[in-house]
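Trainee: First the structure, then my questions, so here it is.
The values are calculated or read from the model by the stated rules, or taken from the named source; none is laboratory data. Because the structure is a prediction, the values reported are computed rather than measured. Here the Cβ positions follow ideal geometry from the backbone for every residue, glycine too, while neighbour counts run over all protein chains shown.
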Amino acid sequence: MAFINPRHAVSGLVLAAFVATNAHGQVTLDVSKITCEQFAFSKIGPVRSVALWFSGYYHGKSGSTTVDAQGFEANADKVEKFCKQQKNLKLPLMQAIEQVLGKT
């Protein structure tokens with residue numbers, strides 16, 4: 001059984017607090033509109049927090065309830081590196097994840 005690293009769980013909570021605190025009345029965030037630039041340069045929240053949310057999203061979508069902590073770190077690094085490339089900055093993050101990791 002795999003467990004979520006407590007650091008990542010806290011990061012997720014920090015992201016939630018960040019979004020709630022900085023939203024100034026905005027209640028929702030359309031994650032489909034997050035760009036690589038916003039992700040890779042922490043403009044929407046800490047990179048690992050956003051990556052953790054997306055990991056949970058794709059795991060839930062596939063019906064998986066397990067998390068591979070080492071795999072998570074490796075995949076987050078791959079997506080971050082891809083997103084930092086100049087040609088990918090405006091690419092939607094969800095599209096980048098699909099290209100880099102084959103998630104749909």
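Trainee: If you scan segment 34-77, which residues turn out to be in a helix (DSSP H, G or I), more than 17 Å from LYS103 (Cβ to Cβ) and basic (Lys, Arg)?
Mentor: Passing the criteria: only ARG48.
Trainee: Out of the residues in segment 83-96 that are basic (Lys, Arg) and assigned to a loop (DSSP other than H, G, I, E, B), state the one that is surrounded by the fewest Cβ atoms within 10 Å (Cβ to Cβ).
Mentor: The extreme case among them is LYS90.
Trainee: Residue by residue through segment 67-77, note down the ones that are of a type outside the set (Gly, Ala, Ser) and in contact (Cβ under 8 Å) with a residue 60 or more places away in the chain.
Mentor: VAL67, ASP68, PHE72 - these are the residues of segment 67-77 that are of a type outside the set (Gly, Ala, Ser) and in contact (Cβ under 8 Å) with a residue 60 or more places away in the chain.
Trainee: On to the next question. Examine segment 62-74 for a residue that is at pLDDT 95 or above, loosely packed, with under 14 Cβ neighbours inside 10 Å and among the charged types (D, E, K, R), and state whether such a residue exists.
Mentor: Looking for residues that are at pLDDT 95 or above, loosely packed, with under 14 Cβ neighbours inside 10 Å and among the charged types (D, E, K, R), one finds none in segment 62-74, hence no.
Trainee: Condition test on GLU80, is it touching a Ser or Thr at 6+ places or on another chain (Cβ under 9 Å), part of a helix (DSSP H, G or I) and either within 20 Å of ASP30 (Cβ to Cβ) or in contact (Cβ under 8 Å) with a residue 40 or more places away in the chain (or both)?
Mentor: no
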